[in-house]
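**Student:** Sharing a structure below in structure tokens format, with a few things to ask.
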Amino acid sequence: MNSEDALKQVVTSETAAIMVEVVQGEGGIKLMSEEFAKALTATCEEFGCLLIIDEVQTGIGRTGSAFAYEQFGLSPDIVTLAKGLGNGFPVGALIGKEALKDSFSPGSHGSTFGGNPLAMAAAEAVLTEVFSADLLKSVQVKGDWLKEELKKNVDSLSIVEEVRGKGLMVGIACEIEVAPIIEACREKGLLVLPAGPKVIRLLPPLLVSEQELKQAVQVITEVLTKLTQNLSVNQ
Ligand SMILES: Cc1ncc(COP(=O)(O)O)c(C=O)c1O
């Protein structure tokens with residue numbers, strides 16, 4: 001991510017497509033830089049390859065816009081979606097630009113349960129709710145608050161390297177492995193995930209309340225502060 005040299009090394013005239021996340025989920029809540037986004041667009045134009053954005057984790061309002069790529073000045077040819085699309089119901093989608101539509105004939109991009117009416121109804125209901133301007137705005141406001149509050153409370157701790165993210169997709173990069181931190185949070189009633197060995201990943205429901213976010217910040221602050229103190233005593 002964000003290495004223009006790496007991009008130059010791997011892309012050739014034989015490359016059919018480049019597939020990326022604009023905020024890496026499992027990869028550690030790493031955000032694509034503005035320069036890299038520009039380089040991606042230029043490279044796709046130069047080599048005539050498609051730009052595919054994997055929005056399985058970032059899409060459907062998670063980062064405060066319908067799709068995360070909108071905030072990075074990108075114009076993908078194809079976008080992949082899943083997770084948030086069904087709000088718990090298993091459904092995924094691949095959407096593409098009009099120009100690509102003749103690459104598929106009816107039935108050529110199907111799967112056993114693909115396009116079933118129940119999943120379509122669930123996805124339609126989710127899109128109607130989530131793509132409302134009010135909901136997307138609230139994700140931005142809550143996400144900014146969460147990031148700022150975490151920065152205020154834990155950024156200065158020696159085990160914390162950085163708080164980063166977009167909307168309600170927030171990571172706390174640590175200097176140490178986060179498995180014990182995640183366990184300690186769980187014991188205090190807060191479920192968080194790792195993203196790689198050293199990043200704590202926060203993906204609260206988009207409807208999370210301010211009160212719940214406050215509680216989460218309190219638990220994370222307590223856990224990280226205690227761990228920092230224990231580590232400094234043992235050193
Ligand atoms: C960014 C991203 N892409 C793709 C996937 C895989 O999605 P699925 O389980 O729907 O195949 C995941 C799953 O975590 C993901 O985070």
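The values are calculated or read from the model by the stated rules, or taken from the named source; none is laboratory data. Fair warning: this is a prediction, and the values are worked out from it, not measured in the lab. Cβ placement follows ideal geometry from the backbone for every residue including glycine, while neighbour counts extend to all protein chains displayed. Please note that ligands, DNA and RNA were not included when accessible areas were found on the heavy atoms of the full protein model with its side chains. Shrake-Rupley method; radii C 1.70, N 1.55, O 1.52, S 1.80 Å.
**Student:** If you check F72 against the conditions, is it crowded, with 21+ Cβ neighbours inside 10 Å and outside the structural domain of Q140 (by TED's automatic domain parsing)?
**Tutor:** So F72 passes the test.
**Student:** Let me ask another. Listed residues I29, I60; which is open to solvent by less than 50 Å² (accessible area, probe 1.4 Å) and either more than 12 Å from the ligand (Cβ to nearest atom) or of a type in the set (S, T, Y) (or both)? Break it down into steps so the answer makes sense when it comes.
**Tutor:** Values: I29 fails: either more than 12 Å from the ligand (Cβ to nearest atom) or of a type in the set (S, T, Y) (or both).
After applying the criteria, what remains is I60.
**Student:** Related question: Give the residue, chosen from F67, F47, F36, that is under 30 Å from E161 (Cβ atoms), surrounded by 14 or more Cβ atoms within 10 Å (Cβ to Cβ), away from the ligand (no atom under 15 Å from the Cβ) and free of Cβ contacts under 8 Å to residues at least 60 places away in the same chain.
**Tutor:** The match here is F36.
**Student:** Can you name every residue in the stretch 176-189 that is of a type outside the set (K, R), surrounded by fewer than 20 Cβ atoms within 10 Å (Cβ to Cβ) and in contact (Cβ under 8 Å) with a residue 24 or more places away in the chain? Before you say what the answer is, go through the steps one by one.
**Tutor:** At the first step, the residues of the stretch 176-189 found to be of a type outside the set (K, R) are 176-185, 187, 189.
In the following step, the residues that additionally are surrounded by fewer than 20 Cβ atoms within 10 Å (Cβ to Cβ) were identified as 176-177, 179-180, 182-184, 187, 189.
Answer for the stretch 176-189, where residues must be of a type outside the set (K, R), surrounded by fewer than 20 Cβ atoms within 10 Å (Cβ to Cβ) and in contact (Cβ under 8 Å) with a residue 24 or more places away in the chain: I176, P180, A184, G189.
**Student:** Go through (1) in a loop (DSSP other than H, G, I, E, B); (2) within 16 Å of the ligand (Cβ to nearest atom) one by one and return the number of the condition E14 breaks.
**Tutor:** (2)
**Student:** Return the residues of the stretch 82-128 that are part of a helix (DSSP H, G or I), within 13 Å of the ligand (Cβ to nearest atom) and β-branched (V, I, T); say none if nothing qualifies.
**Tutor:** Restricting attention to the stretch 82-128, the residues satisfying the condition of being part of a helix (DSSP H, G or I) are 83-85, 98-103, 117-128.
Going one step further and asking which of them are within 13 Å of the ligand (Cβ to nearest atom), we end up with 83-85, 119.
Of everything in the stretch 82-128, nothing turns out to be part of a helix (DSSP H, G or I), within 13 Å of the ligand (Cβ to nearest atom) and β-branched (V, I, T).
**Student:** Right, here's the next one. Which condition from (1) more than 17 Å from the chain's Cα centre (by Cα); (2) over 25 Å from N116 (Cβ atoms) is the one that P90 breaks?
**Tutor:** Single failed check for P90: (2).
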